[in-house]
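First comes the structure, then the notes that go with it.
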Amino acid sequence: MSEPEAGPAAPRREPLWQRLAVRALAAILWTFAWLPAPLAYLFADLCAIPWFLYWLSTDRRGRRAKGYWRNCRIAFRRGAPLGEQRPARHLWRWSRHIAWLAIDFCRMQRLRADNLARHCDLAEYPPLRALYDEGKGLIFVTGHVGVWDVAGYVAGILGLPITSVYRPSPIAALDRWIAEQRSRTGQTVVAKKNVLWTLKKALAERLVIGILADSGGKHAAVFTPFLGTLASTVATPAILHLATGAPIAVVTALRTGRMRWRLHVHDIIRHAPTGDRDADTLAITTRINAGLTQGIGLAPEQWFWQSRRFRHRPPSERQGADGLPPLASGR
């Protein structure tokens, strides 16, 4: 699979109202960046209350194709990796995590090489650096779990020349501003659409790429177990690994407190091709999902539980009597 090289994108039009809104956002970011941490995160706690109340009263039976309760019904059941019981206060802790992500984004500009050890537990980083030093390029794979924005920002501080894929905002000025914040430490960010050629080029230059892999759609994806249930999963990391030989590191950066995070390395993938491209892609993607499942298990409140992760289903699948997709324990 390949994608044609795209030419330089034309600048997106930024109406005056967008530019004014972004200036207001910049002022808010600066405010929360320099407030004392307890005050900044207390404000996030207050903002989490409406989110918590919304989900507390919305679709409690999980009958919709997406949303917190639906995903919880799928992930927390007998035979699933996370177990049958949803953790105590899970809804509130998840709601607070979502609000804290915004404060993390504001405050990550405070991270520097001289204070990084105070905020980030990087005990598992040396093997990743050794992988990069092999000179074959490196594919970081994570998901919407923990603090992925902080992870990319810190990679730049550590001197890793990382190119990360992101979903662009439909608001041009906001999209540009967010990309500028993420790129402050040297990280390069590229929009999600038609990006495969750009990522191959980065790996050919022995650089690092970062991909959020806990998403998928109807087309360029494979079905592999995620949290114990088959999920449509983007195959891009596997395709790039098979094409370039660059190793894959399945990682998460999980929150341990206010402005405190810890890096976890869940798997290092060096897959020897068998000649069956489809089987190889499935095997690699299955390992990626297993690693991300492990990361979510360490902090179950730090995943995007409102996502559409299980919306797309295999054509031949039949729901169980409970109205849920079957467990994939046999895969």
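None of the figures in this text is laboratory data; all of them are computed from the coordinates on show. None of the values given here were measured: they were computed from a predicted structure. Note that each Cβ is placed from the backbone with ideal geometry, even for glycine, and that neighbours are counted across all protein chains shown.
Quick notes
- Label point at Arg311 placed 7 Å out along Cα→Cβ; residues across the stretch 168-183 whose backbone nitrogen lies under 19 Å: 168-171
- Cα-centre dipole for the chain with unit charges at Cβ (Lys and Arg positive, Asp and Glu negative), debye to 20: 1040
- Pairs of lysine residues in the chain that meet both criteria, 8 or more places apart or on different chains and Cα atoms under 21 Å apart, total 8.
- Each 10 Å bin from 0 upward holds the following percent of the Cα-Cα pairs of the stretch 183-252: 17, 49, 29, 5.
- Computed from point charges on the beta carbon alone (+1 for Lys and Arg, -1 for Asp and Glu), the dipole magnitude for the stretch 213-323 about its Cα centre is near 440 Debye.
- Distance from the C-alpha centroid of the stretch 135-206 to that of the stretch 245-321: 18 Å, rounded to the whole angstrom.
- 10 Å-binned pair-distance histogram of the stretch 20-130 (Cα, whole percent): 12, 29, 27, 26, 6, 0
- Packing around the peptides 318-327, 113-122, 236-245, 136-145, taken as the average count of other Cβ atoms within 10 Å per residue, puts them in this order, highest first: 136-145, 236-245, 113-122, 318-327.
- Relative protection proxy for 58-64, 149-155, from highest mean packing down: 149-155, 58-64 (other beta-carbon atoms within 10 angstrom).
- Highest-first packing order for the peptide set 18-26, 250-258 is 250-258, 18-26, based on the mean count of other beta carbon atoms within 10 Å.
- In the calculated pair-distance distribution of the stretch 184-331, the portion above 28 angstrom amounts to 23 percent of the Cα-Cα pairs.
- Kyte-Doolittle mean at least -1.0 and Cα axial length at least 18 Å: DSSP H helices in the chain: 16-34, 37-56, 90-107, 277-298
- For the chain, the residue among Val251, Gly143, Cys120 whose Cα projects farthest onto the positive side of the dipole built from Cβ charges is Gly143.
- Where only alpha carbons of the stretch 267-327 are counted, the Rg and the Dmax (Å): 14.9, 40
- Structure-derived log10 I(q)/I(0) by the Debye sum over Cα atoms at q = 0.06, 0.10, 0.12, 0.14 Å⁻¹: which label, when the choices are (i) -0.20, -0.57, -0.81, -1.09; (ii) -0.23, -0.61, -0.85, -1.10; (iii) -0.21, -0.61, -0.91, -1.25: (iii)
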